[in-house]
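Visitor: For reference, the structure I am asking about is given below.
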């Protein structure tokens, strides 16, 4: 298996040039997503908010950025046997789409209890789905078998410098559209988005601080960050399905160095914030994207009179099951 | 009661200048809403679609345009006793907000069975709610009493040239953003939006044809248009709650002269189209706004290889009751 490292630099993580190159590389294939504002939220909280709407991104989530950067960084030969990952979420769709654009197969290992909606979405983007038992061990061993059999290249959902550089381009665009942000908030699961956001702020707007937001009930990043020791996610039980994973060996050190704070929020706040955004801003966001909004509404962050960017990570949600409707 | 006529022209309907003046008048108070596209829909239907997103408008609907134009067209003296209307929908919110901006009261007659959500929204924008029995007779007689008592000026939701000129500004902006549209589609209820859209196309882009779209189960505009005789809406039974009203004495002749076609769609198509827009475009639209999308998906209009504008009229919907979820 080819090990994917950061491009032409000696850092264990993406350089400024890596992020600029990633943006150039993926621009033909992704949306330059809009930045929305909400006068209602601004006056409620006495601050100015700027929502970078990755829910409008291709495949409905920022994950299209990293996956596209990773796939299009590979040369023809490396691409000849396809790419592979295990994922039941947005990375699976992003990778399937990117592989399809590069005319190579994507092998996606998914737990057998994945929802039909998610399986259909991956297939719709051209991914080949391989089912496994719904345990991390089964996912990893099945992926290893698939790679052995197909010689496909593994594209990890977050612990990969090319993925991080790709995710960093959302904040890059936001900082370009809205100069002088005091803070950027992003949700944190495996840390691909948060570490990329932190690097973009560090390189392109050093006065902007980056804050991670996480569910109380999946607070491994918060625990790891405050103890400065890697603590994996155990039995995460949150509606924010994108944020159940643990940090990685590449994302964690970046977060330790470049993120100023991680705050956590309750499940109830996440649902309330999600509904607020749907009702008042008329956009669909998934529960993971409501986490930074919940942090604001819970008054967990000092934001008064500040310019605050929020990365709205995605908008993929099963419309038959909304958290505020009991069936 | 002061009769509100089209401004300084001898037409029974707004002139080109009236629409331009309306746009200038309301610009400080409304959003210049974005135009979104959908590659998915484009490739499904082999056409180019441009969604003018009035769901992102102040108060969540295009109605803010007309109401703001009507209120800000009145002089100080006329405004001194406030404005009044009967409405259980988006006009009530638009008029309440406009009156509040003009520092004058808005008296809103609402049927006693209006949902709490709608009543709360009107009060939230500063409207004073007067309840009545849920019949058209009661609405009209209660409004007459309110006007007698308060000396407020009635602002009809659609049969008023100032309202029509205000609603026309949505298409004005769309035609400015996307020159060379072949068709614009709009839903039709009382006809304020459709007649305004048709006038804007006629004045500013005469090669653009305007098509009205309506639910099968509230097809009074279709029947009136095809028979060229006013046929009122009887027992409309549609999920598109904004489209249950009948055409007016001012809107109907404009529609007859300047609209090229009216098509109708089933309830099932409306729900399907609404869900499609939510899922694929990640924006919240109300059932009335899904009607033109349904007309496209039902293949009711010849749109292949054409540039098609769609006025997304609003995004106000009770999130506790979605049409595809049976509780």
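Visitor: How high is the FRET efficiency from residue B:80 to residue B:124, r the C-beta distance, R0 25 Å, rounded to 0.05?
Guide: Details: r = 24 Å, r/R0 = 0.96.
The computed FRET efficiency comes out at 0.55.
Visitor: Please state the shape class of the stretch B:171-255: rounded when a/c is under 1.5, otherwise prolate if a/b exceeds b/c and oblate if not, all from the C-alpha gyration tensor.
Guide: prolate
Visitor: Sticking with this structure for a sec: How long are the semi-axes of the ellipsoid equivalent to the stretch B:64-154, from square roots of 5 times the Cα gyration tensor eigenvalues, in whole Å, largest first?
Guide: The three semi-axes for the stretch B:64-154 are 20, 15, 10 Å.
Visitor: Sort A:135, A:40 so that the residue with the fewest other Cβ atoms within 10 Å of its own Cβ comes first and the one with the most comes last.
Guide: Ranking A:135, A:40 by Cβ neighbours within 10 Å, fewest first, gives A:135, A:40.
Visitor: Next question. Relative to the first principal axis of the alpha-carbon coordinates of chain A, what is the inclination of helix A:90-101, with its axis defined by its Cα atoms, in degrees from 0 to 90 and to the nearest 10?
Guide: The helix A:90-101 is inclined about 50 degrees to chain A.
Visitor: Considering only the stretch A:64-154, what is the antiparallel percent among its DSSP beta bridges, to the nearest 5?
Guide: In the stretch A:64-154, approximately 0 percent of DSSP beta bridges are antiparallel ones.
Visitor: Can you work out the FRET efficiency for the pair residue A:145 and residue B:27, with r the C-beta to C-beta distance and R0 = 56 Å, to the nearest 0.05?
Guide: 0.35
Visitor: Consider just the alpha-carbon atoms of the protein assembly as shown and return their Rg together with their Dmax, both in angstrom.
Guide: For the protein assembly as shown, the Cα-based Rg and Dmax read 26.5, 84 Å.
Visitor: Across peptide A:282-289, how many C-beta atoms of other chains are within 10 Å of each residue C-beta, on average?
Guide: Counting Cβ atoms of other protein chains within 10 Å of each residue's Cβ and averaging gives 4.
Visitor: At 7 Å along the Cα-to-beta-carbon direction for both residue A:235 and residue A:131, put a label point, then send me their distance in nm to one decimal.
Guide: Distance between the two pseudo-spin positions: 2.8 nm.
Visitor: If you put a point 7 Å past Cα along the Cβ direction, how far is that point for residue A:223 from the same point in each other copy, in nm, smallest first?
Guide: Listed shortest first, these distances are 6.7 nm.
Visitor: Right, another one. Would you please calculate the Kirkwood hydrodynamic radius of chain A over all C-alpha pairs and express it in Å, rounded to one decimal? Don't skip to the end; give the middle numbers.
Guide: Values: mean 1/r = 0.0514 Å⁻¹.
The answer is 19.5 Å.
Visitor: Given axes a ≥ b ≥ c from the Cα gyration tensor, I'd like to know whether the stretch B:116-190 is rounded (a/c under 1.5), prolate (a/b larger than b/c) or oblate. Don't skip to the end; give the middle numbers.
Guide: Details: a/c = 2.48, a/b = 2.22, b/c = 1.12.
Because a/c hits 1.5 or more and a/b exceeds b/c, the stretch B:116-190 counts as prolate.
Visitor: To the nearest 0.05, how large is the calculated FRET efficiency for residue A:226 and residue B:116 if R₀ is 60 Å and r is the Cβ-Cβ distance?
Guide: My answer for the efficiency is 0.90.
Visitor: Provide an ascending nm list, one decimal, of label-point separations from residue A:134 to the equivalent residue in each further copy; define each label point as 7 Å from Cα along Cα→Cβ.
Guide: 4.2
Visitor: Something else: Quick one: length gained pulling residue A:176 to residue A:326 fully straight, 0.36 nm per residue minus the C-alpha distance?
Guide: Additional length available on full extension: 49.8 nm.
Visitor: Now for a separate question. If one takes the longest principal axis of the Cα atoms in chain B, at what angle in degrees, from 0 to 90 and to the nearest 10, does the Cα axis of helix B:16-26 lie?
Guide: That helix lies at roughly 70 degrees to the long axis.
Visitor: Where does each of B:145, B:154 land when they are ranked from fewest to most other beta-carbon atoms within 10 angstrom?
Guide: In order of increasing Cβ crowding within 10 Å: B:145, B:154.
Visitor: Now for a different question. For the stretch B:64-154, what's the relative contact order in percent, using C-alpha pairs closer than 8 Å and at least 6 residues apart?
Guide: 32
Visitor: Among the DSSP beta bridges whose two residues both lie in the protein assembly as shown, what percent are antiparallel, rounded to the nearest 5?
Guide: Details: 7 of 67 bridges.
Counting DSSP beta bridges with both partners in the protein assembly as shown, the antiparallel share is about 10 percent.
Visitor: For chain B, give me the percentage of DSSP beta bridges that are antiparallel, rounded to the nearest 5 percent.
Guide: Of those bridges, close to 10 percent are antiparallel.
Visitor: A further question follows. Run through the other copies and list how far each one's label point is from that of residue A:116, in nm with one decimal, shortest first; the point sits 7 Å from Cα along Cα-Cβ.
Guide: Sorted ascending, the copy-to-copy spacings read 3.5 nm.
Visitor: Something else about it: Relative to the longest principal axis of chain B, what angle (0 to 90°, nearest 10) does the C-alpha long axis of helix B:161-177 take?
Guide: 30
Throughout, read-outs are computed from the coordinates displayed, never taken from laboratory work. Just so you know, these numbers come straight off a predicted model, no measurement behind them. We place every Cβ from the backbone using ideal geometry, glycine too, and count neighbours over all the protein chains shown.
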